[in-house]
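Chemist: This is the structure I have questions about; it appears just below.
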Amino acid sequence: MAPVFDHFLILDFETTSYGSNFDYPFEIIQFSVAVVDARTKRIRTDVSFNKYVRPVINPILTEHCQSFTGIEQKSLNEADLFQDVYYQFLRWLSNNNFIEKKFVMVCDSRQDLWRIAQWQFRYCGIIMPPFFRQYVNLWRTFEWEQERLGTKVLVKDTNIGKMCEYYNVEFIGRAHDALNDVLNLALVVEKMLESGAHITVNEELVCRTVVSLILFNNIDIRRFQ
């Protein structure tokens, strides 16, 4: 079967966090993309995107966030705001001839685009692009592949970890670093394609998350616009 897309763009975000406080207003602090050529079924080692992003709501990282992601405060102090990094990403797409409808975004679950990106775009007053609204939830594809190829007992505690374990991919680098995560997911995508998986759009965003004003009653939203 001929591939539907020319390239798979593997996406991962890291965000601010505060332990188990799920009401904490997270913001993207790392934006990373790796590329797999759908026709050769190989990672494009010549091109990737990786930028730190300076948060605005909580500009100082919590100890938990620094420990969890390995991101240092200095890296964020010197980083651009999300809207600037997003436009850098659009230029990166153009400079590398990634044409909309000929690539598809791939994430390890639905959280990066369904939850994180929608909130971040809302904060910044930017319209979320169509190519972020139809994407591959790789975990869903992985569940289908287990039905086709057979299941295994998996002991890792993250989606990426379980998929790497299933396909005997040795995890490279530090977990929860967005660039490492997308590179490991790219290796999983290679293995899936080699085994005959059909990787295509399986998630679609049909609405945008509404920001709770309760969380931001002391924040001037105009700072993000």
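Chemist: Identify the single condition in (1) at pLDDT 95 or above; (2) among the β-branched types (Val, Ile, Thr); (3) closer than 28 Å to VAL47 by Cβ that ILE172 does not satisfy, given that it satisfies every other one.
Modeler: Condition not satisfied by ILE172: (1).
Chemist: Follow-up question, since we're still on this one. Quick one: which of GLU72, GLU63, GLU78 is acidic (Asp, Glu) and either under 29 Å from PHE131 (Cα atoms) or in contact (Cβ under 8 Å) with a residue 12 or more places away in the chain (or both)? Explain how you work it out, then say what you get.
Modeler: On the way: GLU72 fails: either under 29 Å from PHE131 (Cα atoms) or in contact (Cβ under 8 Å) with a residue 12 or more places away in the chain (or both); GLU63 fails: either under 29 Å from PHE131 (Cα atoms) or in contact (Cβ under 8 Å) with a residue 12 or more places away in the chain (or both).
Residue meeting the stated conditions: GLU78.
Chemist: Related question: Taking only the stretch 114-145 into account, find how many residues are surrounded by 15 or more Cβ atoms within 10 Å (Cβ to Cβ) and over 19 Å from VAL36 (Cα atoms). Explain how you work it out, then say what you get.
Modeler: Start the filter on the stretch 114-145 by keeping residues that are surrounded by 15 or more Cβ atoms within 10 Å (Cβ to Cβ), which leaves 114-124, 126, 128-129, 131-139, 141-142, 145.
Those left that are additionally over 19 Å from VAL36 (Cα atoms): 114-124, 126, 128-129, 133.
So the answer is 15.
Chemist: Give the residue that is nearest to PHE5 (Cα to Cα), with candidates limited to residues of the stretch 101-160 that are under 13 Å from the mean Cα position of the chain (by Cα) and among the hydroxyl-bearing types (Ser, Thr, Tyr).
Modeler: Checked the stretch 101-160; the qualifying residue nearest to PHE5 (Cα to Cα) is TYR135.
Chemist: Report, by residue number, each residue of the stretch 43-54 that is in contact (Cβ under 8 Å) with a residue 12 or more places away in the chain and under 19 Å from ASP181 (Cβ atoms). Walk me through it before giving the result.
Modeler: Filtering the stretch 43-54 for residues in contact (Cβ under 8 Å) with a residue 12 or more places away in the chain gives 43-44, 47-54.
Residues satisfying the conditions are ILE43, ARG44, VAL47, SER48, PHE49, ASN50, LYS51, TYR52, VAL53.
Chemist: Show the residue pairs meeting these rules: Cβ distance below 7 Å; 6+ apart or different chains; first residue within the stretch 5-27 and of a type in the set (Val, Ile, Thr); second residue part of a loop (DSSP other than H, G, I, E, B).
Modeler: Qualifying pairs under 7 Å: THR15/PHE26; THR15/GLU27; THR16/PHE26; THR16/GLU27; THR16/PRO55; THR16/ASN58; THR16/LEU61.
The values are calculated or read from the model by the stated rules, or taken from the named source; none is laboratory data. All values derive from a computational prediction rather than experimental measurement. Here Cβ is always computed from backbone atoms with ideal geometry, including for glycine, and neighbour counts include all displayed protein chains.
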